[in-house]
Amino acid sequence: MTSSDPETDAGPGPDFPDAEGRGAAGPGANLPALRGHNAALVLGLLRSAGEEGVSRLELAAHTGLTPQAVSKITARLRAEGLAAEAGRRASTGGKPRTVLRLVPGARHAIGLHLDRDELTAVLADLAGDAVAERRAPLAFEAAAAQVLATVEREVAALRAEAGGPPVVGAGVACPGPLDHTAGVLHRVTGAPQWDGFPLRDALAERLGLPVVLDKDTNAAALGLAQRPPDGAGSFAYLHLGTGLGAGLVLGGGLHRGPRTGAGEFGHQILQLDGPRCGCGQHGCVEALCLAAVARGDLPGAARVLGVAAANLVELLDIDRVLLGGRTVLENPDGFLTGVADVLAAQARTRGRTGTAVPVSLAVGGARAVADGAAQLVLAPLFGPGNPGLAARGHRPGAG
């Protein structure tokens, strides 16, 4: 086998695909078109190994790649500053093996949460840890030019404050519905002027960076899926803030659906003759829940949220329910208790006493969506993903 053989020619490093967020290493593919895939598998294992590092032979065993291919990939990753030696480890029956580790500070990614009244911007390293953060008022219902100008200004300030290595791209999370694949917003409740607006491409032009656009709840769920609670392979992240939505992780992967519209949890109808919702329907979960919050009935809001969560549990048989969003964070115990009580009652009616689906607060607090938005960019660097941004010629060292 020669160095020009596609099985050993590792290519220049990981491509920049769009995010699916599965985050799990799978079998390597020794084909030229999938060299970025192979590098992503290696990077993912380096990230999982942490400071202890992992040897090249272990990388070959876990990826299914040949030792030669692994050596070429790791040599390129070291040359690009993405990996470094982490010492030597004793081996059985042979000389000590050199172990490698990820260099988290070699690249940064930007995560942006465009809420209806606030912008949160984070700069994250390759491990997903925030190294800088900014917050600013935002009027999402304002004209697009005004919103874009605010984002551009805050991103420039964030990068100026942090300095540091190249930025690989920006993940943008905002209220849905939207088309994740096309990067286009649909008719957002309370902000119809965004319908059909190409937000991804508009921000990419403004920022001079690759951009991935997704719903706020999907971004948060993607971030949580990188470190799932108690190993939960399937969970629902329910976000109650200025609106109500869900991010779904099923079988370890973020579920968007064929039209990327999954998770419009707030607009399932619970009461046919209920109050009118901003979406135009009557009796939506979001309208009922926010109305209860507005009149100070937090136990009532928690019950409504619990009933809707119970519907998800019955439909999807998920492992866990995670709660987040500013309204939940203002009264976490009340919402946790209220939702858990409904799920426990549901389990009893199904003869499953003692086996109710657990409910817990999502990690990350008020920054969960922005942190997840950064993972829209980072996740595909560490595992299988769609070609997405790679097809437009972007590389990890860009920016």
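Being without any contact (Cβ under 8 Å) to a residue 12 or more places away in the chain and either assigned to a helix (DSSP H, G or I) or not assigned by TED's automatic domain parsing to the domain that holds Lys215 (or both) is the filter here, so list the residues in the stretch 154-183 that pass it. Full working, then the answer.
Within the stretch 154-183, the subset without any contact (Cβ under 8 Å) to a residue 12 or more places away in the chain is 156, 160, 163.
Selection gives Ala156, Ala160.
Entry remark, the stretch 56-99: residues being touching a Lys or Arg at 6+ places or on another chain (Cβ under 9 Å), assigned to a helix (DSSP H, G or I) and among the polar types (S, T, N, Q) number 2 in total.
Name the residue that is surrounded by the fewest Cβ atoms within 10 Å (Cβ to Cβ), counting only residues in the stretch 151-171 that are among the small types (Gly, Ala, Ser) and touching a helix residue (DSSP H, G or I) at 6+ places or on another chain (Cβ under 9 Å). I'd like the intermediate steps shown before the answer.
Our first condition is that a residue be among the small types (Gly, Ala, Ser); within the stretch 151-171, this holds for 156-157, 160, 162-164, 169-171.
Next cut, touching a helix residue (DSSP H, G or I) at 6+ places or on another chain (Cβ under 9 Å) only: 156, 164, 169-171.
Working: Ala156: 12, Gly164: 15, Gly169: 28, Ala170: 29, Gly171: 30.
Here the answer is Ala156.
Of the residues Arg326, Arg350, Arg276, which is surrounded by fewer than 16 Cβ atoms within 10 Å (Cβ to Cβ) and closer than 25 Å to His180 by Cα? Talk me through it step by step, then tell me what you get.
Numbers: Arg350 fails: closer than 25 Å to His180 by Cα; Arg276 fails: closer than 25 Å to His180 by Cα.
Criteria check complete, one pass: Arg326.
Say whether the condition of being modelled with pLDDT of 95 or more, among the hydroxyl-bearing types (Ser, Thr, Tyr) and surrounded by fewer than 20 Cβ atoms within 10 Å (Cβ to Cβ) is met by at least one residue in the stretch 119-135. Within the stretch 119-135, none of the residues are modelled with pLDDT of 95 or more, among the hydroxyl-bearing types (Ser, Thr, Tyr) and surrounded by fewer than 20 Cβ atoms within 10 Å (Cβ to Cβ). The one condition from (1) surrounded by 20 or more Cβ atoms within 10 Å (Cβ to Cβ); (2) at pLDDT below 95; (3) within 19 Å of Thr150 (Cβ to Cβ) that Gly176 does not meet is (3).
The values are calculated or read from the model by the stated rules, or taken from the named source; none is laboratory data. Because the structure is predicted, anything quoted here is derived from the model rather than measured. Reconstructed Cβ throughout: ideal geometry from the backbone, glycine too, with neighbour counts over all protein chains shown.
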